[in-house]
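Some notes on the structure that comes next.
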Amino acid sequence: MRAPNALRDFVKLRPEVEAVLQHVGLRTWDLVLVDATGLWVRDEFEDEEAAEAVCRELGIRVHRGWDDPRIVRRMGARDHWNTPDGQRRGL
């Protein structure tokens with residue numbers, strides 16, 4: 001499976017990107033890419049193997065779940081609602 005363009009562009013343009021893979025539905029896996037500054041992007045996959053293949057293609061480290069405190073701190077490092085360039089996904 002080829003990596004979606006949004007994920008490919010994110011990895012090319014952002015520093016130190018890592019991935020978090022999480023099971024979110026009966027047949028749905030979320031792949032969340034997070035950069036060193038706390039910016040993130042996500043995509044859905046039908047199975048775990050497809051998401052892992054995308055990570056291999058992009059050359060990024062993958063975490064299964066949010067067990068690593070370092071990646072959790074990275075995700076929460078940015079206050080998206082109070083900075084002009086924040087990602088406001090809830091709108």
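The values are calculated or read from the model by the stated rules, or taken from the named source; none is laboratory data. Predicted model only: the values in this text are computed from it and were never measured. Cβ atoms come from the backbone with ideal geometry, glycine included; neighbour counts cover every protein chain shown.
Quick check, is Val62 crowded, with 18+ Cβ neighbours inside 10 Å, in a strand (DSSP E or B) and either of a type outside the set (A, V, I, L, M) or at pLDDT 90 or above (or both)? Working first, answer last.
Details: crowded, with 18+ Cβ neighbours inside 10 Å: no; in a strand (DSSP E or B): yes; either of a type outside the set (A, V, I, L, M) or at pLDDT 90 or above (or both): yes.
When the stated conditions are applied, Val62 does not pass them.
Being over 16 Å from Gly76 (Cα atoms) and β-branched (Val, Ile, Thr) is true for just one of Val62, Val32. Which residue is that?
Among Val62, Val32, only Val62 is over 16 Å from Gly76 (Cα atoms) and β-branched (Val, Ile, Thr).
Of all residues in segment 19-51, count the ones that are free of Cβ contacts under 8 Å to residues at least 40 places away in the same chain and either more than 16 Å from Ala6 (Cα to Cα) or hydroxyl-bearing (Ser, Thr, Tyr) (or both).
Residues meeting the conditions: 12.
Looking at Ala77, Ala50, can you tell me which residue is at pLDDT below 90, more than 14 Å from the chain's Cα centre (by Cα), surrounded by 12 or more Cβ atoms within 10 Å (Cβ to Cβ) and not aromatic (Phe, Trp, Tyr)?
The match here is Ala77.
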